[in-house]
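K.L.:
The structure that follows is given in the form of C-alpha cells.
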Amino acid sequence: MLKYIMIKLLRRKVKKVFRELLLYHNSSLEYRAKLLTLVVSVNREISPCEEKLLYATACDIYDHDEERAEILVEAVKEYFDKIITNNGLDFEHLVFQVEKETREIKRFAQKIDISQLEKFQKCIGNEEDKIYQSRVISFLERLKKKYQ
C-alpha cells in the first residue's frame, strides 16, 4: 500500500513539473486554473471552504478523474501563490491573461461556468470581498457572452 502511495505521489510530482508536455489539453487546464484563481484570490487567501469547493469543482470538471482534478487544484494554488508573493504575476495581469486567451481561443469561453464560480460566494464572509468577487464573476460572464 505504501509503495502504491509513493508511486502516485511521484507521478503527481512528475506531472506537475512536466505538466505542459505530458498532459492532454494542458492549455485548457491552465485556463481553468486561471479562472478559478481569479475567483478564489479576491480576498488574498484560500479558506478551507474554498479549498474544499475547489477540489469538488475540479472533480466535476474532470468527471471525477482524481489525478487530473488534483493537478488543476495544484495549478490554482501555484497561480495563487504567485499573486500573493508578487512572483511575476499580480491579479490585474491574470485578468488580462484570461481576457487575452478568451479572445484568442474562442472555445475557452465555453469553459467559463458561471454557476460553478458563483458557488464560491458562500465561502466569503466579508461583504466587500463578496461584492468584489461578484464583479469578477460578472466580468467573466461578459467575456463568455462576448466570445462564445
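K.L.:
At 0.36 nm per residue, and after removing the present C-alpha to C-alpha distance, how many nm does the segment from I131 to D113 gain when stretched out fully? Let's see the in-between values first.
P.N.:
On the way: separation 18, 0.36 × 18 = 6.48 nm, distance 1.87 nm.
Full-extension gain reported as 4.6 nm.
K.L.:
Provide S134, S115, S28 ordered by accessible surface of protein heavy atoms (probe 1.4 Å), highest first.
P.N.:
Reading off the accessible areas and sorting them downward yields S115, S134, S28.
K.L.:
Using alpha carbon centroids, what distance separates the range 80-115 and the range 125-148, in Å?
P.N.:
That distance is 13 Å.
K.L.:
Could you run the Karplus curve 6.51 cos²θ - 1.76 cosθ + 1.60 with θ = phi - 60° over the range 43-48 and give me ³J(HN,Hα) per residue in whole Hz, x for Gly and Pro?
P.N.:
3J(HN,Hα) across the range 43-48, in whole Hz: 9, 6, 7, 10, 6, x.
K.L.:
Given K82/K122; K77/K106; K77/K122; K52/K144; K100/K122, which pairs have Cα atoms separated by over 23 Å?
P.N.:
From K82/K122; K77/K106; K77/K122; K52/K144; K100/K122, over 23 Å: K82/K122; K77/K106; K52/K144; K100/K122.
The values are calculated or read from the model by the stated rules, or taken from the named source; none is laboratory data. This structure is a prediction, so every number in the text was calculated from the model and none was measured. Only protein heavy atoms, including side chains, enter the accessible area calculation; ligands, DNA and RNA are left aside. Shrake-Rupley method; radii C 1.70, N 1.55, O 1.52, S 1.80 Å.
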